[in-house]
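Notes to accompany the following structure.
Bear in mind these aren't lab numbers, they're just calculated from the coordinates by the rules spelled out. All values derive from a computational prediction rather than experimental measurement. Here the Cβ is made from the backbone with ideal geometry for all residues, glycine too, and neighbour counts use every protein chain on show.
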Amino acid sequence: MSGNKRKKQKEQIRWDRLGIAVLLFIGTILLLAFLLSRIFPRDEAANDRAPSYVEKRLLTKNEYSRPGNALGSVKNIVIHYVANPGTSAEANRNYFENLRKNANNPQGVKASSHFIVGLNGEVVQCVPLTEIAYANYPRNEDTVSIEVCHPDETGKFNDETYRTVVKLTADLLKIYGLTADDVIRHYDVSGKECPKFYVEHEDAWTALKEDIRTELDAKD
């Protein structure tokens, strides 16, 4: 065998060994990354800026209530009512969670909210502020939603709930650099009578927005 041929073979062997070493290195890195992700799972809401008094009860990712799609630049905070008198924040959160189960959702309903304010003024978070909620179609991508519990068919918020809605909304406005004029109703997005009392009573809606404005101004 000629010297040149031997030299080429040795060179080829070196390249083959280098290629194998690179593949082994990449494989080792990927394996380590996988193992670390199992040992130290990433907080799904690591970049979430929700206020500290909010109880995080995030929905399981699924196609019906938490698709995991990224939330875009937020332009409005949208107020809803749950339309189920007397129910708690937890009960409404569980309704959204159970939509992922086919037996509970044969019609394929898609619905959720970032936050639910309960009858005692508690706040439950269902979806991180880094993701869309199925609440404000066709504007899920640029809005944050607040569902509000109410004691009766009128849809009027009780005092404790009202105070929390004002506080939470003002906090969210501050987070996103928005003003009280950027608070809207579900009705303003889709024409749906929601939140019912504050659609039927325009003066009550105006008063709610003014209370939010006052709360926001106090934070500056």
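Would you please list the contacts, defined by Cβ atoms under 6 Å and residues six or more apart or on different chains, that run from a residue in the range 58-80 that is in contact (Cβ under 8 Å) with a residue 24 or more places away in the chain and closer than 13 Å to THR169 by Cα to a residue that is in a loop (DSSP other than H, G, I, E, B) and hydrophobic (A, V, I, L, M, F, W, C)?
Short answer, once both residue conditions are applied: HIS80/CYS194.
Looking at PHE115, PHE96 in this structure, which one is without any contact (Cβ under 8 Å) to a residue 40 or more places away in the chain and under 16 Å from GLY68 (Cα atoms)?
So the residue among PHE115, PHE96 that is without any contact (Cβ under 8 Å) to a residue 40 or more places away in the chain and under 16 Å from GLY68 (Cα atoms) is PHE96.
State yes or no: is LEU99 of a type outside the set (D, E, K, R), out of contact with any Cys (no Cβ under 7 Å at 6 or more places or on another chain), over 26 Å from ALA218 (Cα atoms) and surrounded by 15 or more Cβ atoms within 10 Å (Cβ to Cβ)?
Against the criterion (of a type outside the set (D, E, K, R), out of contact with any Cys (no Cβ under 7 Å at 6 or more places or on another chain), over 26 Å from ALA218 (Cα atoms) and surrounded by 15 or more Cβ atoms within 10 Å (Cβ to Cβ)), LEU99 qualifies.
Note down all Cβ pairs under 8 Å where the first residue falls in the range 154-168 and is surrounded by fewer than 18 Cβ atoms within 10 Å (Cβ to Cβ), the second is assigned to a loop (DSSP other than H, G, I, E, B) and among the aromatic types (Phe, Trp, Tyr), and they're at least six residues apart or on different chains.
Pairs that qualify, where the first residue is surrounded by fewer than 18 Cβ atoms within 10 Å (Cβ to Cβ) and the partner is assigned to a loop (DSSP other than H, G, I, E, B) and among the aromatic types (Phe, Trp, Tyr): there are none.
(1) farther than 18 Å from ARG185 by Cα; (2) crowded, with 23+ Cβ neighbours inside 10 Å: which one isn't true of VAL144, the others all being true?
(1)
Suppose we filter the range 167-220 for residues that are β-branched (Val, Ile, Thr), over 21 Å from SER113 (Cβ atoms) and more than 21 Å from the chain's Cα centre (by Cα); how many remain?
Adding up the residues that qualify gives 2.
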